[in-house]
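The values are calculated or read from the model by the stated rules, or taken from the named source; none is laboratory data. Note that the coordinates shown come from a computational prediction; the quantities given were computed from them, not determined experimentally. Glycine also receives a Cβ, built like all others from the backbone with ideal geometry; neighbour counts cover every protein chain displayed. These area figures cover heavy atoms from the full protein model, side chains too; ligands, DNA and RNA do not enter into them. Shrake-Rupley method; radii C 1.70, N 1.55, O 1.52, S 1.80 Å.
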Amino acid sequence: MKGKRYFVGAMAGFMLLATAAFSADKIFAGEDEEKILSGIYIGDVYIGGNTKEEAMEKLNQTMPQKGEEKITLNIGEQSYEFSLSELGVNLSYEEVVEQAFHYGKTGNLLKRFKEQEEAEHGEVHFYPGYDLNETIFEEVFQINGAQWFHTPQNATIYKTEEGIQISEEVVGTTCDMSATKEAFLAFLEKDYKYGDTAFDVIVTESVPEVTSDELNQVEFTVLGSFSTYIGSSDWNRKTNMQNATNFINGTVLMPGEEFNTSRTIMPFTRANGYYDAGAFSNGEVVKSIGGGVCQVSTTLYNAVLLAELEVVQRFPHSMTVGYVQLSADAAISGEAKNFIFKNNMNTPIYIEGTYDNTYLTFQIYGKETRPANRTLVFKNQIVSVIQPPAEIVTVDPAQPVGYRKVTQAAYTGYKVNLYKYIYEDGNLVGTELVNSSSYSAQPARVTEGPAEPEVPAETPAEPEAPAEPEAPAEPEAPETPAETPAESETPTELEAPAA
């Protein structure tokens, strides 16, 4: 048995050598060594029997249309079609022509024989490489990004005639560009070569911070509401108040979130809807862009106090204002004087601001957790009063003599405390100090015309010569003396000044 196996193995080896010897002429002389073997394609372009130069010329004439072949970009549920050239894809021929040229001509005898057999009896396809211009590729996403992707949008609360409504959140999407480019090149080198023309862009999602499920848990009742009278303010001031109110209206604060008034309503520019109106500056009332917005922050402050939210930062005005009681105001002056508060509840709140040309109102909605028998009263207590200093007079030579006009009334200064009085079933159960405020005293400012000029004294006349003295008259008899005067009445006491 061992001898028989040896004989069969030897015969197989002899046949293999005979086959190789029989094909040697074909391997070494059957094909032009300067030309590519027959039966070879690059893509679907036949280059068999061509030299490398001829193959390159044929590809350059035929393959440019390959740049116009379409690829479909799948982005989520949407699809968009682009040509290879629009995506920055260039076909590379040099390397693949070299591979095709050496097919069946390199390697050991058996490898070369096998490759020649495949080329002769079938089709051997090579595929061009792909170079990606990353700048062009990225520009496609930059130009179309606003259409394809979007930032996350929180669920929001808005008010209609039917009441409080809640909109659904929108999940945000962005393109992972680095991963997309890497996957796209791999797609070109593999799947696209074999007929797949659809590529899935790698998209990352970002979940909004506020969802409709969270907002739907809230029972929206009014936690605090406050109004201030607008009165006969000028058009600019009214417009500033309305503009600032609109910026605040519709705000949703999640638990623990802070509201920054200045950052919400600024910048104070014409482009942002503001005009020049009266404002305090260094003890004077001056025209300033955005004048009047302090009444907006003050109205909101009082609504916040009634809702019992946490006040983080609040400043009084430098001088007194007339639309709320002393110490119940909240001034705005950029970041230097700001009103900031926090939603210290476990559920979201919604802020509604309205303006009707007569009253400015803020209402804060949320889930009421306080007892129904609990009521609040905020009342100030004046600690001290500072009288204004002497008026400041400015003489205007252009005005007539005797002209006088008060350009700014005097302001009395105060130190004031604001207290919160807590009642249950009408009975006072607690008192809390809310804030302490100081307001400066300012003199009245008056413009007067020039003083009346002094009239020069006349030169005295020459004295006349004294007349001759007359003889003295006879003395008259003395008159009867007058009656003794009555006693003066006791003066009445001054009335005590009103409180």
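Quick one: net charge of Tyr46's neighbours, Cβ under 12 Å, K/R +1, D/E -1?
Taking every Cβ under 12 Å from that of Tyr46, the sum is -2.
Would you mind working out the magnitude of the charge dipole of region 351-456 relative to its Cα centre, with +1 at each Lys and Arg C-beta and -1 at each Asp and Glu C-beta, to the nearest 20 Debye? If you can, show how the numbers build up before the last one.
Values: 9 positive and 11 negative charges, 82 e Å.
It comes to approximately 400 debye.
If you count, for each residue, the other Cβ atoms within 10 Å and average over each peptide, how do 34-40, 91-97 line up from highest to lowest?
34-40, 91-97
Rounded to the nearest 0.05, what FRET efficiency do Val377 and Asn272 have when you use their Cβ-Cβ distance and R0 = 41 Å?
Numbers: r = 37 Å, r/R0 = 0.91.
Computed FRET efficiency for Val377 and Asn272: 0.65.
For region 152-286, calculate the relative contact order in percent as a whole number, restricting contacts to Cα pairs under 8 Å that are 6 or more residues apart.
On the way: 127 pairs, mean separation 30.8, N = 135.
Reported relative contact order: 23 percent.
If each residue of separation counts as 0.36 nm, what is the full-extension length gain between Ser92 and Thr135 once their alpha-carbon separation is subtracted? Walk me through the intermediate numbers first.
Values: separation 43, 0.36 × 43 = 15.48 nm, distance 1.79 nm.
Full-extension gain reported as 13.7 nm.
If r is the Cβ-Cβ distance from Gln147 to Thr264 and R0 is 30 Å, what FRET efficiency results, to the nearest 0.05? Present the calculation step by step, with values, prior to reporting the outcome.
Numbers: r = 30 Å, r/R0 = 1.00.
It comes to 0.50.
Given H placed 1.01 Å from N in the peptide plane, which residues other than close sequence neighbours of Asp200 have an amide H under 5 Å from its amide H?
So Asp200 has HN proximity to Asn74.
Tally Lys/Arg at +1 and Asp/Glu at -1 over every other residue whose Cβ is under 11 Å from the Cβ of Gly256; what's the total?
On the way: positive: Lys342; negative: Glu257, Glu258, Glu310.
For residues surrounding Gly256, the net value is -2.
Restricting attention to the alpha-carbon atoms of region 207-332, what are Rg (one decimal) and Dmax (integer), both in Å?
For region 207-332, the Cα radius of gyration and maximum Cα-Cα distance read 16.0, 51 Å.
Pop the C-beta distance of Val207 and Glu118 into the FRET formula with R0 = 45 Å and round what comes out to the nearest 0.05. Spell out each step's value before the answer.
On the way: r = 54 Å, r/R0 = 1.21.
Rounded to the nearest 0.05, the efficiency is 0.25.
Could you tally the net charge around Val434, taking each other residue with its Cβ under 15 Å from the Cβ of Val434, Lys/Arg +1 and Asp/Glu -1?
On the way: positive: Arg314, Lys379, Lys415, Lys420; negative: Glu308, Glu310, Asp329, Glu432.
So the surrounding residues net to 0.
Taking the Cα-to-Cβ direction at Tyr423 and at Gln313 and moving 7 Å from each Cα, how far apart do the two end points lie in nm?
3.6
In the structure displayed, which of Lys159/Lys342; Lys35/Lys193; Lys35/Lys105; Lys379/Lys415; Lys342/Lys379 lie more than 19 Å apart, Cα to Cα? Please report the intermediate quantities before stating the final value.
On the way: Lys159/Lys342 22 Å; Lys35/Lys193 25 Å; Lys35/Lys105 11 Å; Lys379/Lys415 14 Å; Lys342/Lys379 23 Å.
Violating the 19 Å limit, Cα to Cα: Lys159/Lys342; Lys35/Lys193; Lys342/Lys379.
Can you put Trp235, Trp148 in order of accessible area, largest first, using a 1.4 Å probe?
Trp235, Trp148
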